[in-house]
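Asks: Next up is a structure, given as structure tokens.
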Amino acid sequence: MKKKMLLLNTTVLLGLGGVLSTPAYASTIQDMESQKSQIQNQRQDVQSNIKAASDELTRLQAEQDQMKAQLERLTLAEEENNKKAQKTEADIKETSKQVDQLEKEIKLLQEKLEKRNDILKDRARSMQESGGNVEYLQVLLGSSSFGDFVDRALAVSTIVDADRGILKETKNMQDELKTKQADVKSKLASLEDMKAELDEMTVQLAAQKKQKDALAKELKDKEAKNEELKASLQSKDSSLANEQSTLEQNIKDQKAAEEAARKAAEQAAKEAAKKAAEQAQKAAAEPAEKADSPSPKAAPKASSNDVAPTSAPAPKASNVVTVGNRWIGNSAYVFGGGRSQSDINHGLFDCSSFVHWAYSQVGVNLGPLGSVSTETLKHAGMQVSSSQMQPGDLVFFDTYKKDGHVGIYVGGGKFIGAQSSTGVAIANMSSGYWKQKFNGRVVRI
């Protein structure tokens, strides 16, 4: 009884330990965590580039604002310059008219002076020819009376004074016109210089505006490219965020699946232990007379749980493809199961323990049951080409790892094995999932 309970406990621990140490889940979660870490690093780089692009946009926009303000100033200056140029041009026209008018007045005055000069010249010539003072004395002495003398004396004095006044007035008018003409010409020259300067300023302002316009366009182009870069980076970051979110959800789902599998395994182990305990109790309750048999050395009566009755004929090696049929629909897959008689009695196998059991039923030992695995089985016989595959050959599949699953070829593109989804069953390896997973390895025992 104690031996049976010890065997039962060992079976339960083996089954539970196999499930809780499943490498497929760990490998998948580890890979996804690694991918998640890589995506996080990529996102950090992308977000750093997004910040750099945003900073550059801020700088470009500030520069663009400064450029706009400068263009506004240049435009205002150009408008004011044009106004001054127009006014200066009007002043130049007006001043030019004044110069023309003064030149006409000076010309008329010069004509008058020429006539007066002719008269004065004639008078001076007459005085010179008549002796000057002699004529003057004759005029005075030729008076008929004192009153006439006075009149004559005043007339001569008036003529002299008049000539002197005309000369002086003419001289002043001439000087005034020349001064005025010089002032007007100076003003005209100043206006013309101002006009030339304004024209040059207009050219410079236009050149500056053209340059600023070109710079503004260049800045605008840079902004557009930077916006495009930022949008592209944001799109990439969003895509990476979605990938990260998907991975996180997958990790969560995988962990949930692992936990569910662990609980299911625990429950299966508990149920197996309960069944084993019930059978142990049943065996302990059998009549004492069976234990007190008159012939202690007689062979024990075969129980209903024995794999093959003692009356069965000796198995043949060719029967390896059919001996497992008894477990179809009457077994369950347990990772690490099938390595104890109790597991075998209850049809609890994994793929390698089932193959080991099947060959043991036809008298072929494939090594210690406790250490059998797909790795030991792929070296248990001779490898042959998949084109030469025959019933009874071992066939291998890449599932959670290379050569992660093994079964026995039964012919017709099918094999029998313990599958995780069905327990012991015959599956098609010529199409679908198992065709994709078959790696071509065939071992002939």
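The values are calculated or read from the model by the stated rules, or taken from the named source; none is laboratory data. Remember, predicted model here, so these are calculated numbers, not experimental data. With ideal geometry, Cβ positions are generated from the backbone for all residues, glycine too; neighbour counts draw on all protein chains shown. Remember, those area values only see protein heavy atoms, side chains included, never the ligands or the DNA or RNA. Shrake-Rupley method; radii C 1.70, N 1.55, O 1.52, S 1.80 Å.
Residue by residue, here is whether (1) free of Cβ contacts under 8 Å to residues at least 24 places away in the same chain; (2) over 18 Å from Asn325 (Cα atoms); (3) touching a Ser or Thr at 6+ places or on another chain (Cβ under 7 Å) holds:
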residue	(1), (2), (3)
Ala358	no, no, no
Asn365	yes, yes, no
Gly404	no, yes, yes
Gln419	no, no, no
Lys437	no, yes, yes
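Asks: From the list Lys115, Lys104, exactly one residue is at pLDDT 75 or above, surrounded by fewer than 11 Cβ atoms within 10 Å (Cβ to Cβ) and either out of contact with any Gly (no Cβ under 6 Å at 6 or more places or on another chain) or part of a helix (DSSP H, G or I) (or both). Which is it?
Replies: Answer to the check: Lys104.
Asks: Which one is surrounded by the fewest Cβ atoms within 10 Å (Cβ to Cβ) among residues in segment 429-445 that are within 11 Å of Phe415 (Cβ to Cβ) and aromatic (Phe, Trp, Tyr)?
Replies: Step one: filter segment 429-445 for residues within 11 Å of Phe415 (Cβ to Cβ), giving 429-430, 434, 438, 442.
Among the residues that remain, those that are also aromatic (Phe, Trp, Tyr) are: 434, 438.
Numbers: Trp434: 21, Phe438: 19.
It comes out as Phe438.
Asks: Another one. Val334 versus (1) farther than 22 Å from Val443 by Cα; (2) in contact with an Asp or Glu (Cβ under 8 Å, 6 or more places away or on another chain); (3) modelled with pLDDT of 90 or more: which is the lone unmet condition?
Replies: (3)
Asks: While we're on this one: Pairs needed: first member in segment 184-195, closer than 17 Å to Gln101 by Cα and free of Cβ contacts under 8 Å to residues at least 24 places away in the same chain; second member anywhere, open to solvent by less than 90 Å² (accessible area, probe 1.4 Å) and part of a helix (DSSP H, G or I); C-beta distance under 9 Å; at least 6 residues apart or different chains.
Replies: Going by the 9 Å Cβ cut-off, there are no qualifying pairs.
Asks: Of all residues in segment 396-409 being surrounded by fewer than 22 Cβ atoms within 10 Å (Cβ to Cβ) and of a type outside the set (Lys, Arg), which is nearest to the chain's Cα centre (by Cα)?
Replies: Checked segment 396-409; the qualifying residue nearest to the chain's Cα centre (by Cα) is Tyr400.
Asks: Can you give me the number of residues within segment 342-379 that are part of a loop (DSSP other than H, G, I, E, B), surrounded by 19 or more Cβ atoms within 10 Å (Cβ to Cβ) and in contact with a strand residue (DSSP E or B) (Cβ under 7 Å, 6 or more places away or on another chain)?
Replies: 2
Asks: Is at least one residue of segment 25-45 modelled with pLDDT of 85 or more and of a type in the set (A, V, I, L, M, F, W, C)?
Replies: Within segment 25-45 (the criterion being modelled with pLDDT of 85 or more and of a type in the set (A, V, I, L, M, F, W, C)), the answer is yes, since at least one residue qualifies.
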